[in-house]
Every structure is written in C-alpha cells, then in structure tokens.
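Chemist: The structure's right below; bear with me while I get my questions together.
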Amino acid sequence: MATCDIFLLCCLIFSFSAMAISLTTITPNTSIHYNETLISSGRIFEAGFHSFGNSQNLYFCIWYMNISPRSIVWVANRDTPVTNSGAMFKVSDGGNPVLIHGSGTQIWSSNATETVTDPVMLLLDTGNMVVRNGSSSSGRILWESFDYPGDTLLPGMVLHVNRVTGVYNSLRSWKDSSDPGSGEFFYHLDAHGFPQLVIGTSSKLLYRLGSWTGFFFTGVPWETLYRYINYSFVLSDQEVRFGYEPRNGSIVTRYLITSLGTIQRFTWSSDTKTWQLFLAGPQDHCDNYALCGENSECNVNNSPQCDCLEGFVLKSAGNLNGGCVTKVELDCDERDGFVQYTGVKLPDTSSSWFDESMNLKECAEKCLKNCSCTAYASLDIRNGGSGCLIWFDGLMDMRSESEGQDIFIRVAASELADNTGNNQENQVQKYEKEDIDLPTFDFSTISNATDNFSPSNILGEGGYGPVYKGALANGREIAVKRLSLKSRQGPEEFKNEVMLIANLQHRNLVKLLGCCMDNDERILIYEYMPNRSLDNFIFDQTRSKALGWNKRLNIISGIARGLVYLHQDSRLRIIHRDLKTSNILLDNNMNPKISDFGLARVFGGDHAEENTIRVVGTHGYMPPEYAVYGSYSVKSDVFSFGVIVLEMLSGRKNREFFEEQHHLNLLGHAWRLWSEGRPLELMDSFMRDSVTMSEAIRCIHIGLLCVQERPDDRPDMSSVVLMLNGERALPNPRQPGFYPHEIVSSTSKHELSSTNEVSISLIEAR
C-alpha cells in the first residue's frame with residue numbers, strides 16, 4: 001500500500017475516533033465523557049453533556065435524539081454545572097449514578113440508598129434513565145430519573161404525593177431559558193383535602209389547576225386534550241398519583257413549567273419540524289389564585305370580573321378583590337337551601353371533605369347537618385356524577401369555566417326565597433341608546449346592504465366577529481362589523497368602540513359612520529377601505545411588491561401620526577391596546593387608517609398608566625409588562641408600533657418567525673443583526689436593492705427603540721414622528737422585550753386559541 005494511502009487511512013481512523021461515541025449501557029467499568037452519549041434502544045432519546053448558549057458550563061442532560069434544536073427534558077446536575085470537558089458520568093459499583101469532575105471531585109450524585117451487585121445503567125425509549133440489577137429487562141430497578149423530574153413531565157412520568165408523610169415530587173422551573181438551575185416555581189399535587197394540582201413558589205400559591213373531575217382537573221379545558229391524551233389519576237389512602245400517555249403512540253408530547261411559572265404542553269409536528277403549543281396556562285387573570293377573594297366568582301367576560309356569589313355582599317364596600325361575606329346569616333338548620341352554579345371551576349379544595357361512595361342527595365343532606373358546610377358538589381362528573389365533595393367556611397378561587405362543573409352554594413332560607421337567578425346576561429345587554437351620539441341604521445337596511453350578510457361579502461373575521469362589505473341604497477360602499485353572539489368580545493367592547501371612535505376625526509383613523517342595535521344584534525358601520533388591511537400586503541409574496549419603499553415609509557409615518565392624535569392631540573388620551581397589521585386599513589391611495597377600538601381605553605388628565613386583571617390583545621404585539629402583569633400605558637401602543645415597523649421592513653410575522661440557530665423571534669433576530677452591524681439583512685429581500693440605506697437603517701433603529709423591554713426606555717409617539725422626519729437624534733436601543741423567545745408557529749390551528757383574547761403564555765427557547 002502506498003505511503004499516502006496509509007497516511008490517509010490513519011487520518012480517517014483518527015477522525016472517526018474523535019467523533020461522538022454512542023453507548024447503549026453503562027456499567028461500573030465504563031463511563032460517559034464529553035464526546036460520548038447514551039442512547040435508548042429505539043434511538044428516541046439521548047443523554048450526554050450539553051452547554052447552553054455561549055456558557056462554558058456543562059450539564060449532563062437527556063434530550064430527544066432526532067429533534068433539532070435539542071429539546072432538553074432532564075438535567076442531572078442542574079445546580080452544579082462543571083466547566084471541565086474532562087468530566088465524566090458513571091455508575092458506581094453499588095449502582096449510584098454520579099458525575100465526576102475532571103479533577104476527580106464528585107459534583108453530583110443520585111444519593112441512591114440501596115445497592116446492587118451488578119448495576120447497569122441504560123436509557124429507555126420513554127426518556128427514563130434507570131439503573132438495573134443486571135442487563136435483563138426483568139432486573140430490579142434501583143434508581144430512575146423519572147422519580148426526580150426537572151421542569152418537564154414526559155409520558156409515563158408520574159407526579160405523586162404520600163398522603164401519610166406529605167412527601168411529594170414536583171416539576172421545578174429553570175432559572176431562565178439558558179440556565180437550567182432550580183427556578184422559583186413549583187408544579188405539584190397538593191393532597192390537603194381533596195387533591196388538586198397547584199403552581200407556586202416556596203412561600204406562595206400562585207395558580208390552582210383544580211381538583212380531579214374524573215376526566216381532568218376542574219380548571220383546565222379538557223375535552224380537546226382528552227381526545228389525544230389518556231390521563232391517569234390514582235387516589236388511595238396512602239398516596240395520590242397523576243400521569244399521562246398519548247392515545248396514539250406516534251404523538252410526541254411534553255409538558256413543562258416555564259421560568260415564568262406558566263404551564264405549557266407541546267406536541268411535535270413532523271410536517272413543520274417544530275414544537276406546536278397545544279395548551280398553555282394560566283388562561284387569563286382569573287386563574288391568579290384568590291384574585292377576587294372569598295365567596296366570589298371571577299368571570300373574564302364580565303366587567304368588573306369579580307362578583308359576589310348569590311347571598312353574599314362585598315366585605316369592604318368598593319373593594320371588588322377583597323372578597324364577600326354572607327348577606328344574611330345562615331339559619332344553621334335544614335331550612336337553609338342551595339343556589340346552583342353551573343360551568344364553574346370548583347373552589348380551592350385544600351380544606352374540603354370528600355366521600356367517593358355517597359350520591360349527590362346524600363351529599364346535600366350531610367352539608368345541611370353541618371353548620372360550617374358552605375357548598376357541595378359531585379366528586380366525579382362522569383356518568384351523571386358520583387361521590388360527594390364538601391367545603392367548609394369561605395369559598396376561595398372560584399371562577400366561571402366553559403368546561404366547568406356544577407356546585408351548590410348554601411344560603412339562608414330567606415335569601416333562597418328572594419333569589420331570582422343569575423341575570424348577568426340581561427345586565428350586560430342593557431344599553432341606553434341615548435348615550436351614543438351617532439347615526440343609527442335599521443337592521444333591515446344593513447341586511448339589504450350586505451345581501452343578508454352573505455358569506456361572499458365577508459372581508460375578514462376577528463375576535464369580535466365577521467366584517468362584511470356592503471352598499472347602501474345611495475351607492476355608498478360600507479364595511480359592516482357584526483358582533484358574533486359567540487364572541488368573547490361582547491357588548492361591553494361594542495359600546496366601548498362606539499363611545500370612543502364616534503367623535504374622533506383624523507385622516508389616519510378609520511371613520512365610523514353609524515351603528516345598529518336591534519334585539520341581540522350589535523353592528524358597526526364604517527367607511528369602506530378597498531385595499532383592506534396591511535397584513536394582506538406585507539405578508540404575501542405577490543401583493544407585497546405593490547408596497548414599495550416609499551409607500552411603506554408613508555404607511556409607517558401615517559400610523560405614527562394617528563397614534564400621536566390618540567395619545568396626545570385628541571380630547572381624551574386613548575390607548576388602543578390591540579394595534580397590529582390586521583387593524584391597519586388602507587384606502588385607495590394606500591394611506592393607513594387605524595381601526596378596531598373595541599379594546600381601547602381612555603385616560604383622563606395626567607393619568608399615564610393602568611393595570612387590568614383582564615389581559616386581552618394579540619400575541620406578538622403585546623409588550624411584556626402587559627402580557628405578564630396587565631400593566632398598560634401609551635408605551636404599550638409604542639411597543640406594538642415597533643413590532644409593526646419591523647414586520648413591514650422584513651415582510652415576516654413576529655409571532656411566526658423563528659430563527660433556528662439562535663432560537664430567536666423576529667425582535668430578537670433584528671436585535672442580533674443590529675448588534676452585529678448587519679441591520680440591512682433584516683429587510684425584505686425584494687426591497688434590499690431599492691431602499692435608501694440611511695432611511696432603512698433609521699426605521700430599523702426606531703423599530704428597535706420602540707420594542708425595548710422597559711416601557712420607560714421607549715420613546716413616545718411624538719418623538720417617533722420627529723425621529724422619522726430626521727428631526728431628533730436616535731439613542732442607542734437596548735434589548736427588546738421577550739428576548740430570546742421561542743415563537744410557536746400558527747400554521748396549525750388549535751381549538752384552544754382565540755384571535756384577540758389569548759392565554760398569556762411566554763414560550764421560552766429550549
């Protein structure tokens with residue numbers, strides 16, 4: 001053999017030896033080093049050393065083998081990283097998994113108390129890493145990672161609590177998306193009273209998913225989940241156990257608690273090669289524990305959201321969050337009665353009593369015989385209901401829930417006689433037409449104008465309902481916005497929009513021509529915008545070419561001027577709260593007009609900031625302080641404007657963009673390009689050769705200034721207008737909100753999502 005061939009062969013042998021080596025088992029005589037991994041027999045999961053971002057810290061982790069980028073599901077040494085690539089992971093002679101630093105120091109140990117003579121460590125296709133006595137599948141398991149979950153609950157993994165000792169396991173959040181260290185949030189079973197799932201910190205209960213109903217937990221929309229996931233809940237005198245398995249073995253799913261304390265379920269899409277968000281919680285602000293106090297119900301569709309239960313009044317006048325007390329003291333005998341509530345998330349069960357064998361009638365009788373009993377319900381809602389669940393003293397954390405159950409609230413006999421039922425629906429539909437200074441149209445006129453609301457005339461549809469094109473008898477074209485009876489944006493939003501926009505006059509605001517109120521019908525009539533909305537152009541490869549650079553500049557400036565009018569120049573300071581490309585309409589000349597004021601709020605005088613317990617809006621456009629804390633101000637609209645600017649420049653949607661290499665959304669991607677001195681790479685490819693470089697860089701700069709994380713760092717809109725005109729210096733931008741931030745693609749439609757009112761779920765890159 002020629003000398004060069006021998007040399008080439010030696011190089012190949014050396015090259016292959018330097019590559020990562022995959023093992024299927026580990027014994028005391030073997031170990032895993034930096035360039036080695038442990039794989040499951042079906043090549044589904046893999047374990048080895050991993051570092052996050054630019055950190056030099058090394059962690060021994062388990063991840064999905066064939067999913068990119070890596071999705072970490074378990075970390076051994078989450079609080080004790082190593083920095084030496086010479087570290088190794090091994091199993092001791094007695095079967096204890098340990099991590100050894102390169103210097104020989106033991107960094108992490110499973111602390112298994114039991115020992116075996118022939119320990120073998122392997123990774124199962126479930127993602128469970130186990131130590132067995134011997135290599136046989138029937139060998140006794142000494143230790144398994146599933147008993148010590150991190151932030152992720154995999155199929156087959158179980159949350160459990162010992163009802164005798166009180167010892168439980170839990171999911172625990174990471175510190176942040178690049179640090180798997182123990183965060184502040186826990187997710188676990190609480191076995192006090194009737195067991196329930198809770199989220200909290202070491203000192204505070206934050207959210208309560210509720211008690212088991214027989215199908216799922218009372219505070220979670222379960223019907224969609226139940227079609228895909230088989231849940232198990234085992235309750236005995238000794239312990240409580242909860243776990244799940246996909247009904248279809250081909251479904252890849254995981255469940256985790258984020259570093260912000262939210263719960264998310266993802267499923268893997270083999271078509272898009274992305275994790276799809278299937279469920280997120282908390283759903284809304286009514287999920288915050290005890291938001292309304294005792295003996296009250298939270299309903300996000302009402303205003304205010306908190307209301308006393310029948311037979312109760314506010315504990316402190318004017319304090320809607322301070323809870324309620326009985327209006328009339330209970331007689332404490334069998335003359336008391338019950339008011340039935342349907343479709344609710346049952347109250348906190350930590351101080352409840354339950355019996356699995358009783359029926360509902362026996363449950364009512366038992367409640368009446370106990371002076372402290374305040375409510376009762378079925379323990380299990382399957383097959384018409386069974387079992388008995390009883391509450392004592394104050395009822396805490398109860399809310400309206402579309403997939404909730406029935407509860408019977410105890411009231412005095414005199415209150416029961418006066419009870420005429422829940423009239424909330426009638427209350428919210430009562431409007432005084434004289435409050436609205438606006439032309440009104442007959443329903444028949446609008447019906448004729450839209451050809452009886454023909455589907456062929458639909459221009460679009462949002463959370464409010466469909467918008468139709470129409471033509472009045474005089475030939476004038478109109479846009480007709482019809483409130484859907486199923487809309488979560490209901491009569492309050494209708495009245496709000498009418499009252500706000502009726503007297504607003506600005507060339508960059510859509511003009512409201514009139515309204516129609518006929519029985520249950522709530523309709524708004526607007527001037528017709530022939531070019532529809534901005535999103536129809538900038539996100540379409542063909543139509544986007546109709547918006548050249550100068551037209552985009554004009555649209556950006558027009559939106560800015562419209563916001564200056566709302567925030568500063570109109571009689572009242574108005575915050576839009578749902579500014580997005582689909583709410584920017586374009587007239588014949590492509591001039592922008594801001595529309596859809598259903599979620600807008602008015603600030604009077606010098607009032608600059610408000611907080612709400614009902615966060616509504618559209619993900620991708622909401623600033624972090626509003627999405628997380630419910631705090632909004634004029635700077636909320638500034639953030640949304642910044643997102644629109646970056647979307648217009650790039651031709652990409654913030655909520656759908658995902659840059660795989662660095663796990664960034666559009667805002668993060670723009671920030672990275674800016675930081676690396678490559679801002680023009682953000683521009684839509686078809687415009688890169690036609691833009692004026694200085695103008696494009698200025699717009700990118702302004703967009704980044706508007707989406708900065710802290711509201712105080714963002715400019716106001718009057719400053720933005722000056723910046724756009726080159727009349728004001730531009731400070732250096734700081735890191736944008738939600739950076740880094742994984743965006744779940746909206747290519748798949750989930751039954752649990754809505755267009756405008758969304759569950760707040762900040763999805764972290766992993």
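What follows draws every value from the coordinates through simple rules; no lab data is involved. Bear in mind the structure is a predicted one, so any value in this text is a computation, not a measurement. Virtual Cβ from ideal backbone geometry, glycine too; neighbours counted across all protein chains shown.
Chemist: Just round it to a whole percent: the fraction of Cα-Cα distances in segment 115-187 exceeding 19 Å. Numbers along the way, then the final one.
Modeler: On the way: 1286 of 2628 pairs.
Taking all Cα-Cα pairs of segment 115-187, the fraction more than 19 Å apart is 49 percent.
Chemist: Search the structure for amide H atoms under 5 Å from the amide H of Met396, placed 1.01 Å from N in the peptide plane, and list their residues when 5 or more places away or on another chain.
Modeler: For Met396, the qualifying residues are Asn295, Asp348.
Chemist: Which order, highest average first, do 636-642, 260-266 follow once you tally other Cβ atoms within 10 Å for each residue and take the mean per peptide?
Modeler: 636-642, 260-266
Chemist: Which peptide among 179-186, 226-233 comes first, and what is the full order, when sorted by highest mean count of other Cβ atoms within 10 Å?
Modeler: By packing density, highest mean first, the sequence is 179-186, 226-233.
Chemist: Can you tally the net charge around Asn725? Count Lys and Arg as +1, Asp and Glu as -1, for every other residue whose Cβ sits under 13 Å from the Cβ of Asn725.
Modeler: Result for the local shell: +1.
Chemist: So, one more: With θ set to phi - 60° and the Karplus curve 6.51 cos²θ - 1.76 cosθ + 1.60, what are the ³J(HN,Hα) couplings of segment 694-709 in order, to the nearest whole Hz, using x for Gly and Pro?
Modeler: Values per residue, Gly and Pro as x: 5, 5, 5, 5, 4, 5, 4, 4, 5, x, 5, 4, 6, 9, 4, 5 Hz.
Chemist: I need the per residue convex hull volume for segment 286-428, using only the alpha carbons, in cubic angstrom as a whole number.
Modeler: Spelled out: Cα convex hull of segment 286-428, divided by residues, is 113 Å³.
Chemist: Additional query: Would you order Tyr376, Tyr59 from fewest to most other beta-carbon atoms within 10 Å of each residue's own beta-carbon?
Modeler: Least crowded to most crowded, the residues run Tyr59, Tyr376.
Chemist: Calculate one ³J(HN,Hα) per residue across segment 272-285 by plugging θ = phi - 60° into the Karplus curve 6.51 cos²θ - 1.76 cosθ + 1.60, and present them in order as whole Hz with x for glycine and proline.
Modeler: Calculated HN-Hα couplings, in order: 8, 6, 9, 7, 9, 6, 9, 7, 9, x, x, 5, 6, 5 Hz.
Chemist: Related question: Given C-alpha coordinates of segment 146-234, what is the ratio Rg to Rh with the Kirkwood estimate of Rh?
Modeler: Answer for segment 146-234: 0.96.
Chemist: Over segment 1-148, with a single point scatterer placed on each C-alpha, what log10 of the ratio I(q)/I(0) does the Debye formula yield at q = 0.08, 0.10, 0.11, 0.13 1/Å?
Modeler: Taken in order of the listed q values, log10 I(q)/I(0) reads -0.25, -0.38, -0.45, -0.60.
Chemist: Return the sequence-ordered ³J(HN,Hα) values of segment 313-319 in whole Hz as given by the Karplus equation 6.51 cos²θ - 1.76 cosθ + 1.60 applied to θ = phi - 60°, using x for Gly and Pro.
Modeler: So the Karplus estimates, Gly and Pro as x, are 10, 4, 5, 10, 3, x, 9 Hz.
Chemist: Still on this structure, please answer the following. Under 5 Å between amide H atoms, partner at least 5 residues away or on a different chain: which partners does Arg163 have, H built in plane at 1.01 Å?
Modeler: HN-HN under 5 Å from Arg163: Glu239, Val240.
Chemist: Something else: DSSP beta bridges in segment 1-148, what fraction antiparallel, as a percent rounded to 5?
Modeler: Expressed as a percentage, antiparallel bridges in segment 1-148 total about 90.
Chemist: List Thr542, Thr349 from most exposed to least, where exposure is judged by having the fewest other Cβ atoms within 10 Å.
Modeler: If I rank by nearby Cβ atoms, fewest first, I get Thr542, Thr349.
Chemist: If you don't mind, another one. When a footprinting reagent is the concern and you count Cβ atoms within 10 Å, what order do Arg410, Arg734, Arg573 take, fewest first?
Modeler: Arg734, Arg573, Arg410
Chemist: Can you compute the modelled spin-label distance between Asn111 and Asn29, with each label point 7 Å from Cα toward Cβ, in nm?
Modeler: A separation of 3.2 nm, rounded to one decimal place.
Chemist: Would you mind checking which residues have amide H under 5 Å from Phe215's amide H? H placed 1.01 Å from N; only 5 or more apart, or other chain.
Modeler: Ile381
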